[in-house]
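What follows is one structure encoded as structure tokens, with my remarks underneath.
The values are calculated or read from the model by the stated rules, or taken from the named source; none is laboratory data. Just so it is clear, the structure is predicted and the values come from calculations on it, not from any experiment. Backbone-built Cβ (ideal geometry, glycine too); neighbour counts: all protein chains shown.
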Amino acid sequence: MKYKIRKGVSTIVTFIHCADIHLGRSGANVGYEATEKSFMRICEEAVRRDVEFIIIAGDVYDQEKRSLKSQWFFSTCMQILLDANIQAYVVHGNHDPTIGEDKLVSFPQNVHVFSTEGEGMIHRTSRGEEVALYGFSYPTRAYTENPLPMYQKTLEADYHIGVLHGQEATNTDHEPYAPFFVRELVDLRLDYVALGHIHVRQVLQHDPPIVYSGNVQGTNRKEAGEKGCYAVTLHPGGHELEFVATHEVLYQTEHVSIDSMQDVDDIVNLLRKRLDESKPTNLTLQFSGRGALHRFLLEESNREELKELLEQEFQIQIEKIMVHTKNVLDFQIESFHDHVASDIVQARRKLEHEHALFEAIRRKKLTSIVEPMLEEERAAILYEAEQLLLQQVLEESE
């Protein structure tokens, strides 16, 4: 590749970008150790690649009150980096704001934490390049002000990097912490923006690279897919990004169509082909389509047996089996004239859009059971009820 040489820049700068470590966090099937192992692998990868520094874009810890265990572990990791002459640039986010922090452990001298007022830091490489890093740490959990005034290029350097724990302003899936617009970040003319807060890795902009590295370890099926960090190279011609998977536990969702399936052997054979490639440890199955296995999958006892069989066969944890299949006889509701069946379908469609039933249940002091339900789980329950009733109507009409 032919580089366009920029004045003052003679060579490359390499670093690791990670975020949302959440030390001290665990899930139903994931303990604290999984998160620690993933972050330790990131530090080991930094040493193996001999990078200049590591960036942690927020949420080192899962809570404001940081446990002694988590702090000690983080300090141990930082010492590993120091022994390899690797610096660490850290911002704290909404989970671990600086207010009221319990600092029980002294960190090595290679750890640089950005202040709550925002600041720029200069990193000098072993080859003489200067890298300016800009960032700020959350003073409170809910920081909703515009952070961009703290990311102006105020320092003289060969490269400029922003470290921001925040959310793109048009994204309504999360709380609007440190909101920004991508076009505004582009206008800052930084060479790289290391983002944190969103647990899904994504590249919002390629030039300049504006990147979420995602969290380092998923703890539930909503956090599916590979987790880890980005190895980044900045050079006179631009940049290179390489994702490095470091997760200990891999959540994955497999969509399985039963259209051409005749028995459970077909399910096992299909999964064997797919899982040999991805090797998940925690799996959610979503069945769809129309076929001979429809009635089998509708029965909860059958699903439990299938779950046990697959867990034993593949040595994995089956998180959930979701069924959206239809009867092999496939009567189309739109052309089916049985009023009973039509009423069943209409009732299900109405309940999908009304939460009155669930509100009534909550008022009966069953909050702990109903509240954690995801929308997809509510829909699945209604769909399953519909299919069972339709199956019964069909059998009685034969």
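Take the range 122-136 and flag every residue that is at pLDDT 95 or above and of a type outside the set (Ser, Thr, Tyr).
Ile122, His123, Arg124, Glu130, Val131, Ala132, Leu133, Gly135, Phe136 - these are the residues of the range 122-136 that are at pLDDT 95 or above and of a type outside the set (Ser, Thr, Tyr).
Could you list, in sequence order, all residues of the range 218-270 that are acidic (Asp, Glu) and closer than 25 Å to Asp191 by Cβ?
Glu240, Glu242
So which residues in the range 40-65 are closer than 17 Å to Val232 by Cα and either acidic (Asp, Glu) or assigned to a helix (DSSP H, G or I) (or both), if there are any at all?
Passing the criteria: Arg41, Ile42, Cys43, Glu44, Glu45, Ala46, Val47, Arg48, Arg49, Asp50, Glu52.
Write out, first by first residue and then by second, each pair whose Cβ atoms fall under 7 Å of each other, whose residues are 6+ apart or on separate chains, and whose first residue, in the range 152-163, is free of Cβ contacts under 8 Å to residues at least 60 places away in the same chain while the second is loosely packed, with under 15 Cβ neighbours inside 10 Å and of a type outside the set (Asp, Glu).
Lys153/Arg189; Leu155/Ile122; Ala157/Ile122
Suppose we filter Tyr138, Tyr177, Tyr134 for residues that are assigned to a strand (DSSP E or B), closer than 30 Å to Glu36 by Cα and not small (Gly, Ala, Ser); which single one remains?
Only one candidate passes the filter, namely Tyr134.
Got a sec? Which of Gln63, Gln79 is at pLDDT 95 or above and out of contact with any strand residue (DSSP E or B) (no Cβ under 8 Å at 6 or more places or on another chain)?
Going through Gln63, Gln79 in turn, the sole match is Gln79.
Out of everything in the range 277-289 that is more than 19 Å from the chain's Cα centre (by Cα) and surrounded by 13 or more Cβ atoms within 10 Å (Cβ to Cβ), what residue ends up being nearest to Gln217 (Cα to Cα)?
In this case the residue turns out to be Gln286.
Which condition number does Ser26 fail, the rest of (1) modelled with pLDDT under 90; (2) more than 23 Å from the chain's Cα centre (by Cα); (3) in the same structural domain as Gly162 (by TED's automatic domain parsing) being met?
(2)
If we scan the range 108-124, do we find a residue that is in contact with a helix residue (DSSP H, G or I) (Cβ under 6 Å, 6 or more places away or on another chain) and closer than 24 Å to Tyr177 by Cα?
Scanning the range 108-124 turns up at least one residue that is in contact with a helix residue (DSSP H, G or I) (Cβ under 6 Å, 6 or more places away or on another chain) and closer than 24 Å to Tyr177 by Cα.
Consider Val203 carefully, then state whether it is touching a Pro at 6+ places or on another chain (Cβ under 9 Å) and free of Cβ contacts under 8 Å to residues at least 60 places away in the same chain.
Yes, satisfied.
Do any strands (runs of 3 or more DSSP E) lying entirely in the range 186-276 carry at least 1 residues that are out of contact with any Asp or Glu (no Cβ under 7 Å at 6 or more places or on another chain) and crowded, with 16+ Cβ neighbours inside 10 Å, and which ones are they?
Per the criteria, 192-196, 209-212, 228-235, 238-245, 251-257.
List the pairs whose first member sits in the range 221-243 and is without any contact (Cβ under 8 Å) to a residue 12 or more places away in the chain, whose second member is assigned to a strand (DSSP E or B), and whose Cβ atoms are under 7 Å apart, counting only residues at least 6 apart or on separate chains?
Listed by first residue and then by second, the contacts come to Glu240/Thr233.
Only residues in the range 92-120 that are surrounded by 19 or more Cβ atoms within 10 Å (Cβ to Cβ) count as the first member; pair them with residues that are of a type in the set (D, E, K, R), Cβ under 6 angstrom, at least 6 apart or cross-chain, and list the lot.
Gly93/Asp59; Asn94/Arg141; His95/Asp59; His95/Asp62; Asp96/Asp59; Pro97/Arg141
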